[in-house]
Every structure is written in structure tokens, then in C-alpha cells.
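Asker: The following block contains the structure, expressed as C-alpha cells.
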Amino acid sequence: MAGNWKMYKTPTEAADFVKALAPQVKDVHDKTMLLCAPFTALQKLSDAAVGTNIAVGAENLYWEDEGAFTGEVSAPMLKAVGCTYVIIGHSERRQYFGETDATVNKKLFAALKHNLLPIICVGETLAQREGNETFKVIETQINGAFQGVTNSHWTSIIIAYEPVWAIGTGKTATPAQAQEVHAFIRKLLPKDVANDIRILYGGSVKPENVKELMGQPDIDGGLVGGAALKVDSYLKLIKY
Ligand code: 13P
């Protein structure tokens, strides 16, 4: 169950979240708990998470290790502040910051090179869904993102299906709609690893709908924005 905090939380707020959460989840062993935070909060967040079962991730990275790339942050830098995961190609990155399947692919390889577990996001817009293009869009995104990936890499990769029309809108894909796309994605993956790859659903996951969504055979977890910003609500997602 991954939280994507987006552009919320100062370092202190991030650390306070973990301090409040950790004692309440110390007996959770059947789920991975991951909090993905803004770059500026990562150090304090991972310091607070030391000795807990909570993992820390970033929301983006740049594909070069270092260099003259003003404003960017690299995989080794994320490792140095305690990240083990990184979200790549979130629809907000694609929509507002010009990310493409090609840049997602470069970022994926940068993450893998430095043993950061990448969470690769795909998803269609409302216009694409209404135009019956969902499967074509997803297939193009998957093929582009994973170009050149070999079998040894696959088990480190996590995929998140996030229909753009369901993000932050309160409109969740129905469990059947989500399941349909998750099953489609799994079919696109190499057969020998497909069942081992975690495919997360994202888009208005909340305590009221988490159980039904997670009950679908091809939904392996959630990537959650709004409902992961408060400890009580995130806790309900963990203990559904
Ligand atoms: P919401 O849960 O706020 O809809 O956001 C989903 C998301 O974008 C997670 O990456």
C-alpha cells in the first residue's frame, strides 16, 4: 500500500506522520507499506522510518547520476537519503512536466541500475476512455516504458494503473473496470514473470472502497494520494 504524498508535507510533518503511524503498524507483516514524499522531506522521513517496517520512496528522479542538470535529483542521491522505491511517469509528471514513455524508460533504467524499485505509472485520460482507446493507450505506455527490459529486471518492477480521470476526482474506477485493465496489463508482461509482478491501482482509493478494489484477482495493492495524507485514513487502507 503506497502513499504518494505529491506536493504535500514539510520534513517535520513527514517525520511526525511516521512517528504516529509506526507503533500502530508494527505487527503488519503481510503488506508492504511505502510512503513517497517530496525530495525535501525524504531525509527526515527515512530517519523517522529507521527500525520500522515502513519504506520510503521518491516521486520522481532524473536518469543521469550527476551533472549540470539544474533542479534535478538522481538515483544515487535518493539512495543516499534512504529511498528504496521511486515513482516514475506519474500522470501529473506526464501532463504538467512533459514526461513521455521515452523519458519514463530512461528513468526506469536509472532506478534499476541503482537498486531502487521503480513504480511505473500508466493510465488513460477520460477522452481516451470515452474514445475506446484505453487498451491501445495502455499497451503503448507499457511497451514504451519497458523497452529493453530483460527477465532479470522484471521482478524488481512495480506497475501502477492510474486512470487519469479517477485521480483526485473522487471518481474511482469500479473494481470491474480496474480489474479489466490490470488483467490486460498482466497479459502484456512476459508469461514466466507476469504473476510475480505487482500491479497497483491508483485513483481515489479510500477506506470505503479499498477492500473491494483489493479483492480483485489482478489488483495487488494501491497507490494512494489524498487518502494517504492522514495517519488515520492511511491506517484504514492498511488494515482493511
Ligand atoms: P488520489 O488517491 O488522490 O486520487 O491520487 C491518486 C494518485 O495519483 C496516486 O499516485
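Asker: With respect to the numbered conditions (1) open to solvent by 40 Å² or more (accessible area, probe 1.4 Å); (2) within 16 Å of the ligand (Cβ to nearest atom), which one is the sole condition not fulfilled by GLU64?
Answerer: Every condition holds for GLU64 apart from (2).
Asker: Follow-up. Return the residue satisfying two criteria in turn: it lies in region 17-31 and is in contact (Cβ under 8 Å) with a residue 12 or more places away in the chain and over 13 Å from TYR234 (Cβ atoms), and of such residues it is most open to solvent (accessible area, probe 1.4 Å).
Answerer: Within region 17-31, the match that is most open to solvent (accessible area, probe 1.4 Å) is HIS29.
Asker: Also: Filter region 225-237 for residues that are more than 7 Å from the ligand (Cβ to nearest atom), in contact (Cβ under 8 Å) with a residue 12 or more places away in the chain, open to solvent by 10 Å² or more (accessible area, probe 1.4 Å) and outside any loop (DSSP other than H, G, I, E, B) and give the result.
Answerer: VAL231, SER233, LEU235, LYS236
Asker: Note down all Cβ pairs under 6 Å where the first residue falls in region 160-172 and is over 17 Å from MET214 (Cα atoms) and without any contact (Cβ under 8 Å) to a residue 12 or more places away in the chain, the second is open to solvent by 30 Å² or more (accessible area, probe 1.4 Å) and within 6 Å of the ligand (Cβ to nearest atom), and they're at least six residues apart or on different chains.
Answerer: If the second residue must be open to solvent by 30 Å² or more (accessible area, probe 1.4 Å) and within 6 Å of the ligand (Cβ to nearest atom), no pairs are left.
Conditions (1) within 28 Å of ALA75 (Cα to Cα); (2) among the basic types (Lys, Arg); (3) open to solvent by less than 10 Å² (accessible area, probe 1.4 Å), marked per residue:
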{"position": "ALA111", "(1), (2), (3)": "yes, no, yes"}
{"position": "ILE138", "(1), (2), (3)": "yes, no, yes"}
{"position": "GLN141", "(1), (2), (3)": "yes, no, no"}
{"position": "GLY144", "(1), (2), (3)": "yes, no, no"}
{"position": "SER152", "(1), (2), (3)": "yes, no, no"}
{"position": "ILE157", "(1), (2), (3)": "yes, no, yes"}
{"position": "ALA166", "(1), (2), (3)": "no, no, yes"}
{"position": "GLY170", "(1), (2), (3)": "no, no, no"}
{"position": "LYS187", "(1), (2), (3)": "no, yes, no"}
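Asker: Would you mind stating whether GLU92 is under 16 Å from the mean Cα position of the chain (by Cα) and open to solvent by 40 Å² or more (accessible area, probe 1.4 Å)?
Answerer: So GLU92 passes the test.
Asker: Filter region 84-101 down to residues that are away from the ligand (no atom under 16 Å from the Cβ) and touching a residue at least 12 places away in the same chain (Cβ under 8 Å) and give me whichever is farthest from ALA166 (Cα to Cα).
Answerer: Result: THR84.
Asker: Continuing with the same structure: Suppose the filter is within 13 Å of ASP101 (Cβ to Cβ) and not β-branched (Val, Ile, Thr); does GLY148 pass it?
Answerer: yes
Asker: Take the residues in region 173-224 that are within 14 Å of ILE158 (Cβ to Cβ) and basic (Lys, Arg); name whichever of them is farthest from the ligand (Cβ to nearest atom).
Answerer: Looking at residues that are within 14 Å of ILE158 (Cβ to Cβ) and basic (Lys, Arg), I get ARG186.
Asker: Still on this model: Does THR103 satisfy the criteria of being modelled with pLDDT of 95 or more, part of a helix (DSSP H, G or I), open to solvent by less than 40 Å² (accessible area, probe 1.4 Å) and hydroxyl-bearing (Ser, Thr, Tyr)?
Answerer: yes
Asker: Right, here's the next one. Of everything in region 195-224, what is of a type in the set (Gly, Ala, Ser), open to solvent by 10 Å² or more (accessible area, probe 1.4 Å) and on the phi < 0 side of the Ramachandran plot? Give them in sequence order.
Answerer: GLY215
Asker: Related question: Of the conditions (1) on the phi > 0 side of the Ramachandran plot; (2) at pLDDT below 95, THR150 satisfies every one except a single condition; which number is it?
Answerer: (1)
Asker: How many residues does region 106-121 hold that are more than 10 Å from the chain's Cα centre (by Cα) and either part of a loop (DSSP other than H, G, I, E, B) or within 14 Å of the ligand (Cβ to nearest atom) (or both)?
Answerer: Count: 3.
The values are calculated or read from the model by the stated rules, or taken from the named source; none is laboratory data. On a predicted model such as this, the values are computed, not experimentally measured, just so you know. A quick note on method: Cβ atoms are made from the backbone with ideal geometry, for glycine too, and the neighbour counts reach across all protein chains shown. Calculation scope for accessible area: heavy atoms of the full protein, side chains included, ligands and nucleic acids excluded. Shrake-Rupley method; radii C 1.70, N 1.55, O 1.52, S 1.80 Å.
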